[in-house]
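Following: one structure in structure tokens, then a few remarks.
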Amino acid sequence: MNKRTKGDILLVEDNPDDVELTRRALKKQNIVNDIIVVQDGAEALDCLFHRGKYSGVKPDRQFAVILLDLKLPKVDGIEVLRQIRGNKQTKYLPVVILTSSREEQDIANGYKLGANSYVRKPVDFAQFSEAVRNLGMYWLLLNEPMPKGG
């Protein structure tokens, strides 16, 4: 029943274990969208805005969803979100904060800056897998993205 939807997944995560867990959880649910992994906020912004090593990437690449950690090296997730929402090309991309932070200020800042969802990473793999499955099912299969030029 699961199918490939238009667009890649941008996973902004500096913890290799969480990257692997996310990949496994999505694969287990037969979600086959390409997963582009960047390990810090600066690289995420370069990828989104076609700068640096991403300057040769086709500008029409579409992301179905961005899974964004908050505690990142170089540029934190809140600043990444701020820049995503401040750019007319990316301001409507679905951004799900996927983080271990339990700080109320992080939750408030995420929503104030336009995060579509805030999900705390469970420590247990089964719970983590279920959380990613639910994210994948909703954002990749059920959610209707903003039409191009909309």
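Taken together, the values in this text are just the output of simple stated rules run on the coordinates, not laboratory data. Please read these numbers as outputs of a predicted model, since none were measured by experiment. Every residue, glycine as well, gets a Cβ built from its backbone with ideal geometry; the counts of neighbours run over all protein chains shown.
Among beta bridges identified by DSSP and lying wholly in the chain, the antiparallel ones come to about 0 percent.
Set against the labelled values (1) -0.65, -1.16, -1.43; (2) -0.54, -1.10, -1.53; (3) -0.54, -1.03, -1.35, log10 I(q)/I(0) by the Debye sum over Cα atoms at q = 0.13, 0.18, 0.21 Å⁻¹ computed from this structure falls on (2).
Could you pull out the longest piece of the chain with no exposed loop trypsin sites (Lys or Arg not before Pro) in it, calling a site exposed if DSSP puts it outside H, G, I, E, B and it has at most 16 other Cβ atoms within 10 Å? It works out to 103-147.
Among the lysines of the chain, pairs at least eight places apart or on separate chains and with Cα atoms under 19 Å apart come to 18. Annotation for the range 45-150: GluC sites (Glu not before Pro) lying in DSSP loop with at most 11 further Cβ atoms inside 10 Å of their Cβ are Glu103.
Across the range 1-124, C-alpha contacts under 8 Å between residues 6 or more apart give a mean separation that, scaled by the residue count, equals a relative contact order of 24 percent. Taking chymotrypsin sites (Phe, Trp or Tyr not before Pro) across the range 41-150, the ones in a DSSP loop with at most 16 further Cβ atoms lying within 10 angstrom of their Cβ are Tyr92. Computed on the range 50-91, the Cα convex hull volume stands at 85 Å³ per residue.
Positive end of the dipole of the chain (Cβ unit charges, origin at the Cα centre): among Gln89, Leu21, Ala108, the Cα lying farthest that way belongs to Gln89.
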